[in-house]
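Everything below concerns the one structure shown next.
The values are calculated or read from the model by the stated rules, or taken from the named source; none is laboratory data. This is a predicted model, so every value here is computed, not measured. With ideal geometry, Cβ positions are generated from the backbone for all residues, glycine too; neighbour counts draw on all protein chains shown.
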Amino acid sequence: MKTNVKLSLARCFLFFVLYSIIGWIYEVFLEVVVYRWGFSNRGVLFGPYCVIYGVGALILIFALGRLQHTPIRIGKVSITPVLVFFGIVLLTTALELLGSYIMEFTHGGWLWDYHRYALNFQGRIALNPSIRFGIGGMVFLYVLQPLFEKLADRLPRRVLCLISGVLAILMAADCIYTFLL
């Protein structure tokens, strides 16, 4: 495999894991601190990560990265961030809906219930969480991702590939443990 492709895959996987962990922390924080429901593992896998956040982050990077850096203006006012926000809301809502159907098919149900929210669809998606994902996605694209890219750029190539490889092995073991044992 070419070095650049291998490096790109290692970076993407590292970002996937980072955002999966951040998503898990966010979900647990909401459950424990905000809603005071107590702790439960908010991910599908055993480890402390929600893979839907990692998948969503990669989708946002690839789908909106170019738009994010394209200056679109109405007069002198840049509307690029507004378009990025709406793109995030649309993509994350679609991902959450798709994720709920996949989880229902594979596990018999999904991990959230938005029936109590106004403007919900089958309790799977709702306007309130979609707007929160839009705000979080803006923080992710404009603050966290540039920071993580700089940190990844500072790692020697071999170290980056080693870290990603170890994380891939750990996640594969988790998948085997969760789904096959």
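Couple of notes before you dig in:
- Look at the range 42-64: where a residue is at pLDDT 85 or above and a partner is aliphatic (A, V, I, L, M) and crowded, with 23+ Cβ neighbours inside 10 Å, sitting 6+ places away or on another chain with Cβ atoms under 8 Å, you get LEU60/ILE88; LEU64/VAL84; LEU64/ILE88.
- Selected residue (criterion: surrounded by the most Cβ atoms within 10 Å (Cβ to Cβ)) from residues of the range 67-111 that are of a type outside the set (A, V, I, L, M) and under 16 Å from the mean Cα position of the chain (by Cα): THR92
- Test: residue in the range 104-112 that is closer than 20 Å to LEU141 by Cβ and either of a type in the set (Asp, Glu) or not in a loop (DSSP other than H, G, I, E, B) (or both): no
- Contact annotation: residue pairs with Cβ atoms under 8 Å, 6 or more positions apart or on different chains, pairing a residue in the range 163-175 that is under 24 Å from HIS107 (Cβ atoms) with a partner that is hydrophobic (A, V, I, L, M, F, W, C) and at pLDDT below 90, are MET171/LEU45; ASP174/LEU45; ASP174/PHE46; CYS175/LEU45.
- There is no residue in the range 128-138 that is over 18 Å from GLY54 (Cα atoms), out of contact with any Phe, Trp or Tyr (no Cβ under 6 Å at 6 or more places or on another chain), of a type in the set (A, V, I, L, M) and in a strand (DSSP E or B).
- Checking each residue in the range 25-41 for being part of a helix (DSSP H, G or I), free of Cβ contacts under 8 Å to residues at least 60 places away in the same chain, surrounded by fewer than 19 Cβ atoms within 10 Å (Cβ to Cβ) and of a type outside the set (Val, Ile, Thr) picks out PHE29, LEU30, GLU31.
- Just one of (1) under 18 Å from the mean Cα position of the chain (by Cα); (2) loosely packed, with under 12 Cβ neighbours inside 10 Å; (3) outside any helix (DSSP H, G or I) fails for VAL143. It is (3).
- Residue selected from the range 46-66 under the condition among the aromatic types (Phe, Trp, Tyr) and either on the phi > 0 side of the Ramachandran plot or part of a helix (DSSP H, G or I) (or both), by the criterion surrounded by the fewest Cβ atoms within 10 Å (Cβ to Cβ): PHE62
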